[in-house]
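Below is one structure, written out as structure tokens; comments come after it.
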Amino acid sequence: MTHSEISHYRLASQKLYKTSQLLPEEIVKHFGAMQAQDYAMAKWAVGSRCDATEKEIEEAINSAKIIRTHILRPTWHFVSAEDIYWMLDLSGSQVKRLFASTALQHGYDTHKLNQVNTAIEKLLAGNNHLTREEIMQELSIQKKTGDLSPVIVMMNAELDGLVCNGKMKDKQITYALLEERVLKPPTKFTKEEALAKLALRYFESHGPATLQDFSWWSGFSQTICKNAIKAIELQLENTTIDNQQYWFKKGLLEEMSFRESVHFLPAFDEILISYKTREASILLEHQSKAFTNNGIFKPIILENGKVIGTWKRTIKKDHAKIETAFFNATDADKKQDLVKGIKLLENYLETKIVID
């Protein structure tokens, strides 16, 4: 394997090399966790890797086969219902430490957060699904400019395993009690077992990737991640390129032969955001056009594993309009050749797509 080939193998690991027959919840389980702060784009991140429509993915979320909550790094992720409890046990306390000082600045110490959790539990008991605004109203927490109380309160409840996403209420996201959505498993993993499980899931779904990549994605220190890799190294393969060790699932190199491919991928897609450095998929000179220094990622056009431009969509009454912005003029000239990459999105949205 050469450095220039890494992006091709990642297509296979990330279920982009060919359309998967997996169910939406199986795609999420394959990844372990999929970044999901942009809800509409996160659904397409799942849909771009299987045959499911947006409605089918929405149903998997509403029925709690896929859970949307804060986990790993302090941001939203999709997680399989099968994985939610052990992953929260592993990372919940770590993420809570990251915003503990902010919580204190807003008057929330551990005692007060526990009191609020008790009140939230009473509000949501009996499969009562409420929006964050409805919960804040019941808690008499008024929305004020610059006040992060609603975010702090609900993120803490998520990381404590008390709440997760509920069913959509019209187009509004709700919260529900996690234990009423997903039954707790009878057994628990040790921290070492959970870290090894997380590491194996990451490298099988994101490899070839480095120790630094796994540390970035998981939120754990490189020392902790190094020990996790050591525990599973016999279950993976690795290669060294430019003195950097890359880990990936066994059999990956025999799994695929290179072919032409085009993908219109969502903002915050795992193909970019899950790696510490992204030069394998996008040239340094183009990175500022695809994502910002403060972590805002745009929807991207991926050709043969390389990012060649960005796109945005506008939903119309009887179609969806796609506007493209290519990094190079030569890529813009072949815009019509990219129509094949739109077909999966058409099926997902169940509407005609027009490329502007």
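The values are calculated or read from the model by the stated rules, or taken from the named source; none is laboratory data. For clarity, every value in this text was computed on a predicted model and none was experimentally measured. Quick reminder, even Gly has a Cβ in these numbers, built from the backbone with ideal geometry, and neighbours come from all protein chains shown. When the accessible area is computed, the model is the full protein with side chains, heavy atoms only, and any ligands, DNA or RNA have been set aside. Shrake-Rupley method; radii C 1.70, N 1.55, O 1.52, S 1.80 Å.
Couple of notes before you dig in:
- Condition check for residue 290: over 22 Å from residue 52 (Cα atoms), touching a Lys or Arg at 6+ places or on another chain (Cβ under 9 Å) and in contact (Cβ under 8 Å) with a residue 24 or more places away in the chain: no
- Residue check, residue 197 within 22 Å of the chain's Cα centre (by Cα) and surrounded by 19 or more Cβ atoms within 10 Å (Cβ to Cβ): yes
- The residues of region 329-356 that are touching a helix residue (DSSP H, G or I) at 6+ places or on another chain (Cβ under 9 Å) and open to solvent by 50 Å² or more (accessible area, probe 1.4 Å), listed by number, are 347, 350, 352.
- Residue-level check: of (1) of a type in the set (Val, Ile, Thr); (2) open to solvent by 60 Å² or more (accessible area, probe 1.4 Å); (3) under 17 Å from the mean Cα position of the chain (by Cα), residue 300 misses just (2).
- If you go through region 149-181 and pick out every residue that is among the acidic types (Asp, Glu), modelled with pLDDT of 95 or more and open to solvent by 10 Å² or more (accessible area, probe 1.4 Å), you end up with 3.
- Some residue of region 128-140 being farther than 22 Å from residue 39 by Cα and within 20 Å of the chain's Cα centre (by Cα): no
- Checking 241, 273 one by one, the residue that is touching a residue at least 60 places away in the same chain (Cβ under 8 Å), open to solvent by less than 20 Å² (accessible area, probe 1.4 Å) and within 21 Å of the chain's Cα centre (by Cα) is 273 and no other.
- Check on residue 20, under 26 Å from residue 210 (Cα atoms), out of contact with any strand residue (DSSP E or B) (no Cβ under 8 Å at 6 or more places or on another chain) and open to solvent by 10 Å² or more (accessible area, probe 1.4 Å): no
- Candidates 102, 131, 174, filtered to the one that is over 18 Å from residue 69 (Cβ atoms) and of a type in the set (Val, Ile, Thr): 102
- Residues of region 325-353 satisfying the condition of being at pLDDT 80 or above and over 24 Å from residue 42 (Cβ atoms): 326, 327, 328
- Only listed residue being in contact (Cβ under 8 Å) with a residue 12 or more places away in the chain, open to solvent by 40 Å² or more (accessible area, probe 1.4 Å) and among the small types (Gly, Ala, Ser), chosen from 63, 93: 93
- Screening region 248-329 for strands (runs of 3 or more DSSP E) wholly inside it with 1 or more residues that are of a type in the set (D, E, K, R) returns the ranges 300-303, 306-315, 319-326.
- Residue in region 244-251 that is in contact (Cβ under 8 Å) with a residue 12 or more places away in the chain, open to solvent by 60 Å² or more (accessible area, probe 1.4 Å), touching a Phe, Trp or Tyr at 6+ places or on another chain (Cβ under 6 Å) and basic (Lys, Arg) present: no
- Just one of the listed residues (138, 180) is touching a residue at least 24 places away in the same chain (Cβ under 8 Å) and closer than 30 Å to residue 43 by Cβ, namely 180.
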